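The block underneath contains the structure these notes are about, expressed in structure tokens.
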Amino acid sequence: MTQFSYRQGALHAETVPLATIAASVGTPFYCYSTAALTSAWQAFANAFAGQDATICFALKANSNLAVVRTLAGLGAGADVVSEGELRRALAAGVPAGRIVFSGVGKTRTEMKAALGAGIFQLNVESLPELEALSEVARSLGVVADIALRVNPDVDAGTHHKISTGKKENKFGIDFDHAREFYARAAALPGIRAVGLAVHIGSQLTSLEPFRHAFKKTVRLVEALRADGHVVQRLDLGGGLGIVYRDETPPDPAGYAAIVREATHGLGLHLVLEPGRALVGNAGVLVSSVLYVKSGLHRRFVILDAAMNDLMRPSLYDAWHAIEPVTQPGADQRHEPFDVVGPVCETGDTFATQRQLVLPRAGDLMAIRSAGAYGAVMASGYNTRPLIPEVLVDGGRFAVIRHRPSFEEILALDHMPDWLAGGAG
Ligand code: LLP
């Protein structure tokens, strides 16, 4: 997190004061650091350097074109889950041969787009989806390379809303059905089964669930091979956690060691789909304090950012560090505040009873670790414009998504003929 640090009492992104960006683009805004993206990428890529692996950045974590291009420039492939993300990956310059398409419900239109682009593989999660894909591939005169996503029934030990590898979750197919599935795939003209895929959840802070899931999946690879099937690729998904507060997630090297331990000697081409680990700590959300309100029982810091801008606290009770952009003096007293946004919901709360130095209206606050699942999950609730994204690189910065004007927002709605005449 060193790319966001205080210099002479002012929080900087690399060498740019966040206050300078705020003065230029207004608040709230997301700010990403190129150096942080680069060092997260390098840690991950170096960890897998000795293994035959394609690292596909999971665009769902942050799909801004400039962010994706930064990672693509370093060698990243892409894991996409929609036609929109596929288009983003291609537009950012990710080669089609390094794109995988995941997701439990791909439409035929999305399949067509993926096959038309010639991507590396589609991860298929059900028999009906497999059959639909075969039909689409045949209609295009191509053969789809697919990995079968299996559900290993392993508890990822993470928040229940981002846990995906238990048998009651909607993802993947049961291990017991993998043989049947592979046999069906072999019989379908538009399909070539190339391997398995597994992803058990996000923000994992222990290696054990990974170890367990990978070993189980590798046993399945061996069983399928014994049946005479070709299994040449293994997609191990994403999920590596980051530090938000005091977690001690495994580092990429430890994670890569588990992968090597589970897969060595099998001659498998690996696919990894990290999202959060590459971008989570490469971004902050900068917001202004609108008011400090003292109630009888609580004191509230009301920000100009809200739950619609960063949903993680309200959706997952996620903890994000909140720091004043101007560093308080060492002698200043910390007191508990609830940090909230202006949206008319009690869930619009970023932090409860957080120890802060009494802020003043107009102060800038940085919400940390907002690079993953921040801007991408934002909505226009309360007709609040989506907030801009800014990319810093050394001493320069650029707006990489602008704040839409109210004209642009209102122009998305259309009046039916019968209302076009006016309200009266
Ligand atoms: N691959 C697949 C198939 C996935 O479903 C996901 C995340 C990833 C890769 C990337 O996982 P990561 O490395 O980022 O953990 N909105 C939630 C997280 C949802 C994750 C969904 N799937 C949050 O803000 O915590």
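The values are calculated or read from the model by the stated rules, or taken from the named source; none is laboratory data. Being a predicted model, the structure only gives us computed values, none of them experimental. Methodologically, a virtual Cβ is constructed for each residue, glycine included, from the backbone with ideal geometry; neighbour enumeration extends over all protein chains shown.
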Only residues in region 40-62 that are at pLDDT 95 or above count as the first member; pair them with residues that are of a type in the set (D, E) and assigned to a helix (DSSP H, G or I), Cβ under 6 angstrom, at least 6 apart or cross-chain, and list the lot.
L59/E85
Yes or no: E110 free of Cβ contacts under 8 Å to residues at least 60 places away in the same chain, more than 24 Å from D174 (Cα to Cα) and in contact with a Leu (Cβ under 9 Å, 6 or more places away or on another chain)?
yes
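Among T352, T346, which is the only one that is on the phi < 0 side of the Ramachandran plot and assigned to a strand (DSSP E or B)? So that I can check it myself, show each step before the final result.
Values: T346 fails: assigned to a strand (DSSP E or B).
Criteria check complete, one pass: T352.
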What residue, of A147, A156, is in a strand (DSSP E or B) and within 13 Å of the ligand (Cβ to nearest atom)?
A147
For the condition at pLDDT below 95, in the same structural domain as A257 (by TED's automatic domain parsing) and not charged (D, E, K, R), what is the one hit in V104, V100, V68, V81?
V104
Please specify each residue of region 309-354 satisfying the condition of being within 14 Å of the ligand (Cβ to nearest atom), surrounded by fewer than 16 Cβ atoms within 10 Å (Cβ to Cβ) and farther than 28 Å from V25 by Cα.
D317
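For region 201-217, state whether one or more residues are more than 17 Å from D155 (Cβ to Cβ), within 23 Å of the chain's Cα centre (by Cα) and at pLDDT 95 or above.
Quick first cut of region 201-217, residues more than 17 Å from D155 (Cβ to Cβ) only: none.
No.
Which one of A370, A306, A366, A361 is assigned to a loop (DSSP other than H, G, I, E, B), touching a strand residue (DSSP E or B) at 6+ places or on another chain (Cβ under 6 Å), more than 16 Å from the ligand (Cβ to nearest atom) and in contact (Cβ under 8 Å) with a residue 60 or more places away in the chain? First the steps, then the outcome.
Numbers: A370 fails: more than 16 Å from the ligand (Cβ to nearest atom); A306 fails: touching a strand residue (DSSP E or B) at 6+ places or on another chain (Cβ under 6 Å); A366 fails: assigned to a loop (DSSP other than H, G, I, E, B).
None of the other options fit; the residue is A361.
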Inspect all residues belonging to region 200-216 and state whether any of them is assigned to a strand (DSSP E or B), without any contact (Cβ under 8 Å) to a residue 40 or more places away in the chain and within 16 Å of the ligand (Cβ to nearest atom).
no
Going residue by residue through region 404-423, is there one that turns out to be in a loop (DSSP other than H, G, I, E, B), in contact with a Phe, Trp or Tyr (Cβ under 9 Å, 6 or more places away or on another chain) and surrounded by fewer than 18 Cβ atoms within 10 Å (Cβ to Cβ)?
no
Give the number of residues within region 309-339 that are in a strand (DSSP E or B), closer than 24 Å to I242 by Cα and β-branched (V, I, T).
2
Among the residues of region 359-403, how many are surrounded by fewer than 21 Cβ atoms within 10 Å (Cβ to Cβ), of a type in the set (S, T, Y) and at positive phi?
1
Does region 248-264 contain any residue that is away from the ligand (no atom under 16 Å from the Cβ) and closer than 22 Å to G172 by Cα?
yes
If I filter region 79-95 down to residues being within 18 Å of V124 (Cβ to Cβ) and not polar (S, T, N, Q), which single residue comes out as nearest to the ligand (Cβ to nearest atom)?
D79
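Looking only at region 277-300, filter to residues that are in contact with a strand residue (DSSP E or B) (Cβ under 7 Å, 6 or more places away or on another chain) and in a helix (DSSP H, G or I); which one of those is farthest from V218 (Cα to Cα)? Spell out how you get there, then give the answer.
Of all residues in region 277-300, those in contact with a strand residue (DSSP E or B) (Cβ under 7 Å, 6 or more places away or on another chain) come to 277-278, 282-293, 298-300.
Next, from what is left, pick out any that are in a helix (DSSP H, G or I): 277-278, 282.
Numbers: A277: 24, L278: 26, A282: 33 Å.
Across region 277-300, the extreme among qualifying residues is A282.
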Among the candidates V301, V284, single out the residue that is under 26 Å from L59 (Cα atoms), in contact with a Phe, Trp or Tyr (Cβ under 8 Å, 6 or more places away or on another chain), crowded, with 21+ Cβ neighbours inside 10 Å and not assigned by TED's automatic domain parsing to the domain that holds L204.
V284
